[in-house]
Amino acid sequence: MGELKSYRRRCRGDLTELLIVGMTKLDSFYRRDIERMIGLFLPDAQVVCETGPQFAEGLFLQFDLVFEEHQVTATVTASGPDAVETTLSVASAATATATGSAPVNADAAVPVAAASSSIAPASADTAVGTAQGATAAVTALAGSAGSAGLAGSENEDPAAKAAEPNRSGEDRATASAVEEGLAECLVRRHRRLPLSPEPDAATQRKVAKRAILFALHETLSEWTGAVQPWGILTGVRPTKLAHALVRRGLQDGRPVSDAKIAATLQSDYLIAPARARLVTEIVRREREVVPDLYRLDRAVSVYVGIPFCPTHCAYCTFPAYSMVDKAKYAEGFLAALIREIRMTGEVLREYGIPVTSVYVGGGTPTSLKAPELAALLQNLLLHIPGRDDWREFCVEAGRADTITADRVQVMKDFGVDRVSVNPQSFKAATMKHIGRGHSPDIVDKRFALFREAGFDDINMDLILGLPGENLADVLYSLERTLALQPDEVTVHTLSFKRAAVVTREREAFPVPDDDTVRRMMAAADSTLRGAGLRPYYLYRQKDILANLENVGYALPGKGGVYNICIIEEAQTIVALGGGAASKWVTPGSGVITRHQNPSEPLAYVSQIDRILQVKEAKLRAVCEAISNNG
């Protein structure tokens, strides 16, 4: 099997164009995440749904679910070359686990035969902080001898392996079968997953999905020899899982250590150790920057979207229109926006709702002329209540070619205390290729304007994996960035957004391979830490290169408050302007709903009366809920 698998990996570039991944039919609740995970391991494969293995030269995946009392079992069977079968069983643990009593015996809870695992079972401590425990086991059968599962992968935990218990008689019998050739490869894992003793139908389906993804990850890892840094996670906010553990521990009066949180993330979601540690570090830092993060649902933040840019970058899909279009639309757009700002301020004042932060983004807000920018900022100060209590007043000045001395002075005069200057890269050829429209040297000069005006919280954005770039290019961009001594640096990994030019015209925008992008991220992390910056927030995106993440780094005492609030969905974000999407967070329950304004400026202007009517009703409902839970 080892030789065959190596051959497939060497020839993967040729084979995946022909590889057809067939799979049994599943409802859409499961299928979307399953197809996304298949895409992570086999990005060029064609996925079809069938009722049986139709493609002898390809891979066929069969999914089976069995629901029993307090247990759901998912089985993934892969047929074809390097065939693997993986079973994941999730069973409820004894209620005593939640009260600190000895955990239930995992072997008794899940009676499946298995040999010793290349990755040892997680300890019972990984369940600390959960209201109820659960037990999971994974069994993998491979089609040829000699495979050691995921041994030596980045998921391996040497400490856990050293603590592996002696095999039971059933284990020894299965191991004997392996030696005799009756079973050629077998891997077993135990995990504790959150499952209440009497879950409702929705909870059952969520647990079943996690079970399927867990089993699928193991199967595809065995098939390809690869692992995913974020394990079975497909969402954009992995830090929310860690925050949930922290909050539960605080509610129970039993704070959970970083080590236990990291162990839970590894065992329950197959997150690689380095990423699990990164999550715990960021969660700790977020709580330092925003100490009352878990109580902020009684306040709101305000976002203002300015849908204009000098040019449209190849990777971007944010609502933005050219400076030529801006000349036609700016006056009417600003008039409509000021009406929306006024209405929002009136409702917030009426209910006495505090405002945490105000963030002006886009697009490029500094594409507005200085008088236009002054009118916008003046109206925010005039109508949005509690300016003295805002923790942050931020304006994105993302495009250096829009930063001028008069605009900088306007921001200073109206009390803006955080700005963002975003080169994305300091390689001139890259900036031209992606449509930035200015030279790297302009960034240095325009950054200096902010420092000279007295701004002491400046962020800079870089993107890893830009077309045509290599590791040396990223190191050069980092060097140029740090030479300016920014207070924060946000490192993005390129993502293929559906409507972006780089997605539609991939042949014209060749990007680095996954291994190179991961080396870029490792180099960025090491370089920024060496300069004294530390990670303080993180989020992921769909179709992100190398299945990585975006990370914000900041010096001690710095960090974007708005960034943390929106990523952790800690409070309502009242979003104003073109294409702006509000998030209404119901206090106490955490229920979140969304509402988006029209993206096109003319539509926003022509529909402003209806927009205000709908927005006011939704805002009042949230303010009522905040008042009732205050």
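The values are calculated or read from the model by the stated rules, or taken from the named source; none is laboratory data. If you're wondering where the values come from, they're calculated on a predicted model, not measured in any experiment. As a convention, Cβ positions derive from the backbone with ideal geometry for all residues, glycine included, and neighbour counts pool all protein chains shown. We work out accessible area using only protein heavy atoms, side chains counted, and drop any ligands, DNA or RNA first. Shrake-Rupley method; radii C 1.70, N 1.55, O 1.52, S 1.80 Å.
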Amide H proximity to Leu464 below 5 Å, modelled H, separation 5+ or other chain, gives His492, Thr493, Leu494
Rolling a 1.4 angstrom probe over the protein heavy atoms, how many square angstrom per residue are accessible across segment 396-474?
34
Per residue of segment 403-417, in order, report the coupling 6.51 cos²θ - 1.76 cosθ + 1.60 (Karplus, θ = phi - 60°) as ³J(HN,Hα) in whole Hz, putting x for Gly and Pro.
8, 10, 4, 5, 5, 4, 5, 4, 4, 5, 5, 9, x, 4, 10
Amide H of Arg534 versus every other amide H placed in the peptide plane: which residues, excluding those fewer than 5 positions away on the same chain, fall under 5 Å?
Ala554, Leu555
So what is Rg over Rh here for segment 495-574, counting just Cα atoms and using Kirkwood for Rh?
1.04
Keeping all protein chains in place, calculate the accessible area per residue for segment 556-630 (probe 1.4 angstrom), answer in Å².
40
Using amide H atoms built in the peptide plane, which far-off residues or other-chain residues are under 5 Å from Val72 H to H?
Val90
What is the Cα radius of gyration of segment 573-618 over 2.2 N^0.38 Å, N being its residue count?
1.22
Placing one equal point scatterer on each C-alpha of segment 472-606 and summing with Debye, one gets log10 I(q)/I(0) at q = 0.10, 0.13, 0.18 Å⁻¹ equal to -0.47, -0.77, -1.16
Too long at a 29 Å Cα-Cα cut-off: which of Lys432/Lys615; Lys432/Lys542; Lys445/Lys558; Lys432/Lys583; Lys206/Lys558?
Lys432/Lys615; Lys432/Lys583; Lys206/Lys558
Pseudo-spin-label distance Gln46 to Ala202, built 7 Å along Cα→Cβ, given in nm, is 3.9
Sulfur and carbon atoms: percent of accessible area, segment 578-630 [1.4 Å]:
51
Can you give me the solvent accessible area of Cys565 with a 1.4 Å probe, rounded to the nearest 10 Å²?
0
For segment 357-475, convex hull volume per residue from C-alpha positions, Å³:
106
Using the Cα gyration tensor of segment 211-367, with a ≥ b ≥ c the square roots of its eigenvalues, what is the shape: rounded (a/c below 1.5), prolate (a/b larger than b/c) or oblate (neither)?
oblate
How much of the accessible area of segment 488-560, in percent, comes from carbon and sulfur atoms when a 1.4 Å probe is used?
48
